[in-house]
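Asker: Starting off with a structure, shown below.
The values are calculated or read from the model by the stated rules, or taken from the named source; none is laboratory data. Nothing here was measured: the structure is a model prediction, and the numbers come from that model. Cβ placement follows ideal geometry from the backbone for every residue including glycine, while neighbour counts extend to all protein chains displayed. Heads up: the accessible areas ignore ligands, DNA and RNA and are worked out on the full protein's heavy atoms, side chains in. Shrake-Rupley method; radii C 1.70, N 1.55, O 1.52, S 1.80 Å.
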Amino acid sequence: MNYLKSITTSVLQSTGVTFPFSIGERIPGLDSSSSIWEIREGVKRDDGTPLTLFIYDSTLPPFQPGNKDRKTLFQLARNALKKLRTIRHPDVIKYIDSVDTETHIYIATERVRPLEGVLRDWETGGALASKGKGKGKEEWIGWGVKSVSTALAFLNAPPLSQHHAYLLPSTIFVTPSLEWRLGGFDLLTGREDQAGVLWALGGVAPGDVGERSGPEVKKGGWGVLRDTDPALSDTYLLALLLFTLYNPLSPLPSLSSAPTPSSAGSIPKSLFPSWKKMLNPNPRTRLSTASFLDEAAQSGFWSSNALISLVDGLDNFELKSESDKLGLLRNIKESSSSGTLPSPFVTNKILPSLLHSLSLPTAPSSAMLPLVLELGKLVSPAEYPKLVLEPVVKLYTSPDRGTRMALLDGLNEYADKLDNKMVQEKVWPNLITGFADTVPVIREATVKAVFPLSSKLSDRILNNDLLRLLAKMQMDTEPSIRTNTCILLGRLAPILGPNTKKKVLVPAFARSLKDPFVHARVAGLMALMATVDCFDRDDLAGKVVPNMAFTLVDKEKLVRDQAFKAMNMFMARITEMVKSMPDTVLSEEKSSASYGPVTTTSSATTTNQAGLANSAAGAAGALAGWAISSLSKQLSTPDMNSSMSAATAFNVPSRLSPNPSPMNSPRISTDSTAVSAFGSTSPSVPGPSSGKFATGVNGGRRGSAGGSGLKLGGSGNTRKTGGAGAGPGPSSLVDMVASEWDDNDNDGGNAWGNDDLIDVNADEDDWSAFESAPIPEIVVPPPQSYYVTSPKPPSSSTNGVNTNTNKPIQKIVSSNSPKPSPVAAFASTTKSKPNSAVSPAMSSTTNDDWGEIPDNDNNSSSSPQKVASPTPQAQAQSLAGMSKEDKDKEMARRRAERAARIAAMKEQKKGKA
């Protein structure tokens, strides 16, 4: 072969021709003395198509036997190439490409083997042999005879009218599907071709063609065929071919007399009459090739051949009725299982034909696809992807439900042979349409089909796309689909991602445990048990057990029994897991204090299980003996020496919080008992407490024993917690709680100041922020009194400022919107001494949102009362939903109303002055 490659390369380089083939090994089965061609395997370089190469080399020594000149035989090779290029027929060897040089001819055809080699392999029990060797071979030869006769009749008939004149066993070839192909076009010549090679070179061709030729050729030479019908001359060669095929070991019969049944040997009896007519010495009365086909059909020879009937049924499958299609499929299945069909014929002929028919909408897919997958088992692993998988995967694009159902039912037959790319790009995009199908059977089959493909899905599909679809399927109306979805999740759990396991498994199985279908609940419990390895001890104790505990009292005994088995399994696993946990994670000095209440009645206090009870009676006795024994170990020395207080009954804000917001502060209880526990002599405080507690003039301390309630003073309110200049600490938890409400500002002055809250002479400055602030729509509860007037204490004035006035509790309206600029409002004032100074900060309003100021005489002393900034909730009418013009009108009305109120306030101030 290396020599042939080197010769070929050098020749083509000299001619400038690019050789398009790769030459392979020599194909056995053809005697070198019976043909001028060397047959080798080949591959087309541009697309990798496997093919067969017929090679003729004129540089070789003379052809033997006969010492024939290679240059003379070169004309036969070129004639074969010329005829093969121009003639196309299903039973004629298929031409693909060729290379023609001055010394070499390369003809590339479909993959074929010489018939002689195939017959020899069949006889020796090779790969082509079937279990029923005798009957199978006879039927196969009958099918081949029909194919060769059909091709020969096509060549002999007009308009071609070609003399084949070279019909020998060496000129017939077989494809991988065991179909017969007619070749040997070396002497093929048209009846009207005056320069044909047959007339001059008929006797030069290798083989025993001279012995097989008709009597007229033996008498008058090959030239006499110019005036003979090709169908009458070639039928004589066809008759001798039939004898050789059915009697491979017998010599040709003597034809000096009329043939007899004994001389016919093993030729079928139904063919003997026709065979006898084909051997008539007179060519004019001889049976033609076309007539032989007709008589064989009339005698029932073709129809009695099961293989021929099967092939005809496959070729016309689309035209058959539904019952005929099912009958043909049943026949194929029986023949294949019995072994009467050779495996190459099944895999290369029947299987492609079925796959082609399966893609048609009229095909009975439910019956065909199982047969296709069964026959696919005979295909070698190397050929399976191209021969079976590619056509089967294309069927996923079919909208036919029967085809989809057959694909899903037979998925286990080919799933392991699919690669990841094919599943993710071709199968999965079409498979997911089944999840939303309106037919429940398709949805359920789609759910079942996921697991065989799960190992070939990408992480994104497996942990995202698939789980979303399964979440919908778990709410399907069909109980069986919900149950199978739960089972599928349990089987997929080991290959899911770690985060997916923690987030998905317990909620999914918990949903199944609440399913009204009994078997869905059982499946949920079994899925939890099967995936127990996916949960750590925290998940088992905190998620799995709590979510399945209620099934212990399920109404169905089947569920209860399974629930107890699951619970016992989980508890045993948790018990085993906690053995490796330490007794405590706290330090030694804090361990006893952190345990909290400890029983003093148990005698086993030295063991690790101190304080634990093993029964209900033991637990009751232990609880009865509990005492506070370790709390004092955590108290500091000052706290241990202080008196008891009920402050712990309140939700006191943490002192570690830097600036506790009044909005987030807890409400102080209105219970008089709780208030008295703080040592307060003021009346109980109703409603929400949101004001800032100011300090008095006595060193910035509150809640003294002789205190007269909360006071608004002008002295510094900076809270000191320690240091050289610090006053005495709080005498009780009341002071501690009150200090938590204190403002952390270090300005030392009144949070509200001693000046006017509103400059009534600067209208624009006072209200511009209010008018420009956004006013979202928030509903405000009806106005109510939030103020409590404490008993009038002894008056004491400092610098003309009344320091004994009562401080009201602020009114706060919760809102998530940004707070507008604060606007002061005033509430009712208490009577004071006639010579008391009047607070300079006063404000008047006329609507309910902002409160009313009652008339007071000139001797009444008023103190500015701080109220939380009004939120947009306090607006009389919401601007939301208004048009632009309505908003402008409403804002104009409000401005006029405010201006009138401000004017009234000015007049009132002048009158009091």
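Asker: Checking the structure you have, find out if any residue of region 887-897 is modelled with pLDDT under 85, out of contact with any Phe, Trp or Tyr (no Cβ under 6 Å at 6 or more places or on another chain) and surrounded by 15 or more Cβ atoms within 10 Å (Cβ to Cβ).
Answerer: No, region 887-897 has no match at all.
Asker: Now, a different point. Considering only residues of region 549-570 that are in contact (Cβ under 8 Å) with a residue 12 or more places away in the chain and open to solvent by 70 Å² or more (accessible area, probe 1.4 Å), which is nearest to residue 530 (Cα to Cα)?
Answerer: 565
Asker: Would you pick out the residues in region 188-205 that are of a type in the set (Gly, Ala, Ser), in contact with a strand residue (DSSP E or B) (Cβ under 9 Å, 6 or more places away or on another chain) and surrounded by 19 or more Cβ atoms within 10 Å (Cβ to Cβ)?
Answerer: 196, 202
Asker: Test residue 227 against the stated conditions and say whether it is more than 19 Å from residue 138 (Cβ to Cβ) and surrounded by fewer than 21 Cβ atoms within 10 Å (Cβ to Cβ).
Answerer: Yes, satisfied.
Asker: Right, something else. With 53, 76, 30, 60 as the choices, which residue is within 23 Å of residue 166 (Cα to Cα), among the aliphatic types (A, V, I, L, M) and assigned to a loop (DSSP other than H, G, I, E, B)?
Answerer: None of the others qualify; the one that does is 30.
Asker: Does region 261-276 hold any residues that are open to solvent by 60 Å² or more (accessible area, probe 1.4 Å) and either at positive phi or out of contact with any Asp or Glu (no Cβ under 8 Å at 6 or more places or on another chain) (or both), and which are they?
Answerer: 261, 262, 266, 269, 276
Asker: Has region 84-100 got at least one residue that is part of a helix (DSSP H, G or I) and of a type outside the set (Val, Ile, Thr)?
Answerer: yes
Asker: Ok, one more. Could you give every pair whose Cβ atoms fall below 8 Å, whose first residue belongs to region 471-485 and is over 16 Å from residue 526 (Cβ atoms) and part of a helix (DSSP H, G or I), and whose second residue is of a type in the set (Val, Ile, Thr) and open to solvent by 20 Å² or more (accessible area, probe 1.4 Å), counting only separations of at least 6 or pairs across chains?
Answerer: From residues that are over 16 Å from residue 526 (Cβ atoms) and part of a helix (DSSP H, G or I), there are no pairs.
Asker: Among the residues that make up region 530-548, is at least one of them of a type in the set (Gly, Ala, Ser), under 25 Å from residue 494 (Cβ atoms) and exposed (fewer than 14 other Cβ atoms within 10 Å of the Cβ)?
Answerer: Yes, region 530-548 contains a residue that is of a type in the set (Gly, Ala, Ser), under 25 Å from residue 494 (Cβ atoms) and exposed (fewer than 14 other Cβ atoms within 10 Å of the Cβ).
Asker: Of everything in region 33-50, what is assigned to a strand (DSSP E or B) and farther than 25 Å from residue 204 by Cα? Give them in sequence order.
Answerer: If the condition is that a residue be assigned to a strand (DSSP E or B) and farther than 25 Å from residue 204 by Cα, then 41, 42, 43, 44, 50 are the ones that fit.
Asker: Any residue in region 306-330 that's free of Cβ contacts under 8 Å to residues at least 12 places away in the same chain: show its pairings with residues that are open to solvent by less than 10 Å² (accessible area, probe 1.4 Å) at Cβ separation under 7 Å, as long as the two are six or more apart or on different chains.
Answerer: Short answer, once both residue conditions are applied: 320/313.
Asker: Can you name the residue in region 230-260 that is among the polar types (S, T, N, Q) and under 20 Å from residue 142 (Cα atoms) and is also most open to solvent (accessible area, probe 1.4 Å) among such residues?
Answerer: 250
Asker: I need every pair where a residue in region 370-384 that is of a type in the set (Phe, Trp, Tyr) has its Cβ under 8 Å from the Cβ of a residue that is surrounded by fewer than 16 Cβ atoms within 10 Å (Cβ to Cβ), sequence separation at least 6 or different chains.
Answerer: Every condition considered, the pairs that remain are 384/417.
Asker: Using the structure shown, decide if residue 433 is out of contact with any Pro (no Cβ under 6 Å at 6 or more places or on another chain), over 30 Å from residue 379 (Cβ atoms), surrounded by fewer than 19 Cβ atoms within 10 Å (Cβ to Cβ) and not acidic (Asp, Glu).
Answerer: The answer is no for residue 433.
Asker: For region 334-371, what are the residues that are β-branched (Val, Ile, Thr) and in a helix (DSSP H, G or I)?
Answerer: Answer for region 334-371, where residues must be β-branched (Val, Ile, Thr) and in a helix (DSSP H, G or I): 346, 347, 350.
Asker: Among 385, 452, which is the only one that is open to solvent by 30 Å² or more (accessible area, probe 1.4 Å) and farther than 19 Å from residue 358 by Cα?
Answerer: Selected residue: 452, the only one of 385, 452 that is open to solvent by 30 Å² or more (accessible area, probe 1.4 Å) and farther than 19 Å from residue 358 by Cα.
Asker: Right, here's the next one. Considering only region 473-500, state which residues are within 14 Å of the chain's Cα centre (by Cα), open to solvent by 30 Å² or more (accessible area, probe 1.4 Å) and under 13 Å from residue 446 (Cα atoms).
Answerer: Answer for region 473-500, where residues must be within 14 Å of the chain's Cα centre (by Cα), open to solvent by 30 Å² or more (accessible area, probe 1.4 Å) and under 13 Å from residue 446 (Cα atoms): there is none.
Asker: Go through (1) assigned to a loop (DSSP other than H, G, I, E, B); (2) open to solvent by 30 Å² or more (accessible area, probe 1.4 Å) one by one and return the number of the condition residue 165 breaks.
Answerer: Result: residue 165 passes all but (2).
Asker: OK, next. Just to check your reading of the model, which residue among 333, 320, 325 is in contact with a Pro (Cβ under 6 Å, 6 or more places away or on another chain) and either farther than 18 Å from residue 351 by Cβ or of a type in the set (Lys, Arg) (or both)?
Answerer: Matching residue, one of 333, 320, 325: 325.
Asker: Related question: Within the bounds of region 206-221, is there any residue that is in a loop (DSSP other than H, G, I, E, B), in contact with a strand residue (DSSP E or B) (Cβ under 8 Å, 6 or more places away or on another chain) and modelled with pLDDT under 95?
Answerer: Within region 206-221, one or more residues are in a loop (DSSP other than H, G, I, E, B), in contact with a strand residue (DSSP E or B) (Cβ under 8 Å, 6 or more places away or on another chain) and modelled with pLDDT under 95.
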